[in-house]
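These notes are about the structure you will find just below.
The values are calculated or read from the model by the stated rules, or taken from the named source; none is laboratory data. Bear in mind that the values here come from a model prediction, so they are computed numbers and not experimental data. FYI the Cβ positions are ideal-geometry reconstructions off the backbone, even for glycines, and counts take in every protein chain you see. Ligands, DNA and RNA are excluded from the accessible area calculation, which covers all protein heavy atoms including side chains. Shrake-Rupley method; radii C 1.70, N 1.55, O 1.52, S 1.80 Å.
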Amino acid sequence: MALHRRELAWEGCLNARDLGGHRTKDGEETRYGAIVRADSVRQLTDAGWRAAVAYGATSIVDLRTDAELEVDPPVELPIDVTHVSFFDDDRAIFNEVEAVSAAAPDLATATRDVYLVFLERFRANVAAAVSAVAQAPDGAVVVHCVGGKDRTGLLTALLLHLAGVDDEQIGVDYALSEVRLRSRHDLWLAEAGNEAERERIRRIAATPAASIVGVLHELARRYGSVEDYLRESGLGAADLERARARLRA
């Protein structure tokens, strides 16, 4: 890619970021124009779509749930789309998530522990999402969900880790979403009807770097490595290597 910038100005999206330009542990740099993370591409204007296509985007991995697809059904888009729900609409697990969050001593720990519940309970979904990125055609693959913070943040963290980026640097990248999405969250805060709702929005908006770093460290502790977590989740060796190589020069 000729345009070596990480944060992309795609009209309609607040959090479109190229995963290129990250230093890896072996002294190399992740490749631009391979993977872009974004909040919902459904919000892109016509100008935004033109900018995405001009940038080299050739495919989308849509992480929305079946319920989210029913609310906002898929329509014809100018590039190919693969739908891979990052988690299922399971009320029991969401009850578990609420309990885990309430039991945590601080926000960073709560976010980490909630993420770990999803990564454990929906391992096959996570493996399918990584596989979809690995198998995407040449060009930039865009990963997106509705909010553009949690699901894309987790998938981004896994992909950067596979590419050899240091976990602390992944945490810094994850934390950028709080700034990028601030205008949307500020609007939600202004529209909130009570303090309890405002506190919920503040929790949603926060992206502590320690949370995503803690997730990667805990996966390594439980499984031996993040790679072993993905293997045990069902990701094949070929897709694991393709996902690793996608961000490598």
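The table below gives the values:
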read-out: Top-ranked residue of the range 190-248 - restricted to ones that are at pLDDT below 95 and among the acidic types (Asp, Glu), ranked as farthest from Asn15 (Cα to Cα); value: Glu195
read-out: Conditions (1) farther than 18 Å from Glu218 by Cβ; (2) assigned to a helix (DSSP H, G or I); (3) modelled with pLDDT of 95 or more: number failed by Phe118; value: (1)
read-out: Lone qualifier among Ala128, Ala108 - being touching a residue at least 12 places away in the same chain (Cβ under 8 Å), under 21 Å from Thr58 (Cα atoms) and in a helix (DSSP H, G or I); value: Ala128
read-out: Number of the condition not met by Ala102 [criteria: (1) assigned to a helix (DSSP H, G or I); (2) among the small types (Gly, Ala, Ser); (3) touching a residue at least 40 places away in the same chain (Cβ under 8 Å); (4) open to solvent by 10 Å² or more (accessible area, probe 1.4 Å)]; value: (3)
read-out: Residues within the range 69-88 that are open to solvent by 50 Å² or more (accessible area, probe 1.4 Å) and under 14 Å from Gly147 (Cα atoms), tallied; value: 1
read-out: Odd one out for Arg64, checked against (1) surrounded by 16 or more Cβ atoms within 10 Å (Cβ to Cβ); (2) more than 12 Å from the chain's Cα centre (by Cα); (3) of a type in the set (D, E, K, R); (4) not in a helix (DSSP H, G or I); value: (2)
read-out: Cβ pairs under 7 Å, 6+ apart, first in the range 56-83 and touching a residue at least 24 places away in the same chain (Cβ under 8 Å) and at positive phi, second open to solvent by less than 70 Å² (accessible area, probe 1.4 Å) and not in a loop (DSSP other than H, G, I, E, B); value: Gly56/Ala140
read-out: Conditions (1) aliphatic (A, V, I, L, M); (2) under 25 Å from Ala132 (Cβ atoms); (3) part of a helix (DSSP H, G or I); (4) open to solvent by 10 Å² or more (accessible area, probe 1.4 Å): number failed by Ala210; value: (2)
read-out: Selection status of Ala57, surrounded by fewer than 17 Cβ atoms within 10 Å (Cβ to Cβ) and over 22 Å from Ala206 (Cβ atoms); value: no
read-out: Residues satisfying the stated conditions in the range 155-183, i.e. open to solvent by 10 Å² or more (accessible area, probe 1.4 Å) and either free of Cβ contacts under 8 Å to residues at least 24 places away in the same chain or closer than 22 Å to Val97 by Cβ (or both); value: Ala175, Glu178, Val179, Arg182
read-out: Subset of the range 223-234 (residues that are closer than 15 Å to His161 by Cα and part of a loop (DSSP other than H, G, I, E, B)); value: Gly224, Ser225
read-out: Residue match in the range 184-203 (condition: touching a residue at least 12 places away in the same chain (Cβ under 8 Å), assigned to a helix (DSSP H, G or I) and out of contact with any helix residue (DSSP H, G or I) (no Cβ under 7 Å at 6 or more places or on another chain)); value: yes
